[in-house]
Amino acid sequence: MSTADIPTRARIGVVGTGKIFPAYAEGLAWIGGLPIVRVADVVVDVARRQAETYGIPAYGTAEELYADPDVDVVVNITPPVVHAEVTRAALAAGKHVYSEKPLAATVAAARENLQQARDAGRLLGAAPDTFLGNSGQSARAAIDDGLIGTPFAATSFVRSSRVETWHPNPAFFYAPGGGPLLDWGPYHLSALVNLLGPVTEVVGATSIPTPRIPVTAPDRVVDAVDVTVPTHTTSLLRTASGALVTTVLSFDIWDTTLPHLEIYGTEGTLQLPDPNHHDLPVLIKQRGDEEWRELPPVLPATRDEGLRPFRGHGVLDLVQALEGAPHRTTGQFALHVLEVLEAMEAATFEKGVQTISETCERPAPVARG
């Protein structure tokens, strides 16, 4: 059966047609049943070109998209600083909304969005959704099945994305709404909450080792950018289950041999790949083992390996929730992750332990198949 033969489950409108848009266009097409019927961008000509490229029937302004009765779900992939504004307008127009990460640039704005969705009786979901893939779900199954005993600790490590070497104007990566915490942090924290449950306390410190970053991208439009948010962070998180998580999220560490994520249990260790990937293998080494071994995947392939990057499972998750299934990438989940990241960014030695007020349910595992 081709994707054209799959019945429509919901009609999608996308606000924002920049660099990440092709990942959604191709990912939703591969999933099937979620046709993009309209796109919008602050530069309408950009929306027109993307509509022509992907065979999307309508394009225009965001206001036109909100008013379109053919749009059931709005996918918000605008810059983080306007996530809250776009979500607010889409909810006011009666649409369900799925937002790229983070849910908003601040916890206060995210809370307002979530309350608006509740008042309107609409679903609000948010990225990242990559923990729904095989890596995240295979690790989750191993923990739930007791393969590493009781998880008591974890590590999370992010090195520089080297954005200044490939992005023509990376200023927003080093401004409020950016930095390693809001760029990479949502992937790691969402993966950790999926595996270990919500976070209750945060302690840590941050720094800005290089206040001005030279831009070396071949097509750069600026030669350097000022850094106004922490670019090196070290934190210790305590989860509701009592597990302690050590994190180093940095744009200043140029390279490392440390793994992205490891989970330590009383009977073994799990090593996870970059959580931005869906189907790479998870390694396990149980007490007494001489060698690491790969966990068997618990799901069929959750993405087309020919498409990099790939997005869309969170949109499907929201649509399935509208049909009565568990909602895993909820606005409340994203709000909790954002509050933890905001606390990590504000952490200082003097401030000491910060208590997280927003919590969430540990997402239901995806049914194995």
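Derivation of every value follows stated rules applied to the coordinates shown; laboratory data play no part. Computed from a predicted structure; not experimentally measured. Note that each Cβ is placed from the backbone with ideal geometry, even for glycine, and that neighbours are counted across all protein chains shown.
Rank Val248, Val71, Val46 by mean-square fluctuation in a GNM of the chain with C-alpha springs under 10 angstrom and give only the top-ranked residue. For the chain, modelled as a Gaussian network with Cα springs under 10 Å, the answer is Val46.
The GluC sites (Glu not before Pro) of the stretch 281-331 meeting both criteria, a DSSP state outside H, G, I, E and B (loop) and at most 15 other C-beta atoms within 10 angstrom of the site's C-beta, are Glu290, Glu291, Glu305, Glu323.
Based on C-alpha pairs under 8 angstrom that are at least 6 apart in sequence, the chain has a relative contact order of 20 percent. Between Thr269, Thr359, Thr150, the residue with the greatest mean-square fluctuation in the GNM of the chain (Cα pairs under 10 Å linked by springs) is Thr150.
Sorting the Cα pairs of the stretch 3-126 by distance into bins of 5 Å, from 0 upward, gives 2, 13, 23, 25, 20, 12, 5, 1, 0 percent per bin. For the chain, return all DSSP H helices satisfying: extent of Cα atoms along own axis at least 18 Å; mean Kyte-Doolittle hydropathy at least 0.0. Answer set is 331-346. A straight Cα-to-Cα reach below 18 Å connects Lys101 with the lysines Lys19, residues fewer than 8 places away in its own chain not being considered. What whole number of Å gives the distance from the Cα centroid of the stretch 224-248 to the Cα centroid of the stretch 1-77? The two parts, judged by their Cα centres, are 35 Å apart.
Most tightly packed first, judged by the mean number of other beta-carbon atoms within 10 Å of their residues, the peptides 200-212, 5-17 read 5-17, 200-212. A DSSP coil position with no more than 11 other Cβ atoms inside 10 Å describes the following trypsin sites (Lys or Arg not before Pro) in the stretch 17-117: Lys19. With a 10 Å cut-off between alpha carbons and a GNM built on the chain, which of Gly55, Gly314, Gly197 moves the most? Among Gly55, Gly314, Gly197, the largest mean-square fluctuation in the Gaussian network model of the chain belongs to Gly55.
Rounded to two decimals, the Cα-based Rg/Rh of the chain, with Kirkwood Rh, is 0.96. Rounded to the nearest 500, the 222 nm mean residue ellipticity of the chain from helices alone is -8500 deg cm²/dmol, with -39,500 (n - 2.57) taken per DSSP H run of at least 4 residues.
Taking a ≥ b ≥ c as the square roots of the eigenvalues of the Cα gyration tensor, the stretch 145-217 is prolate, since a/c reaches 1.5 or more and a/b is larger than b/c.
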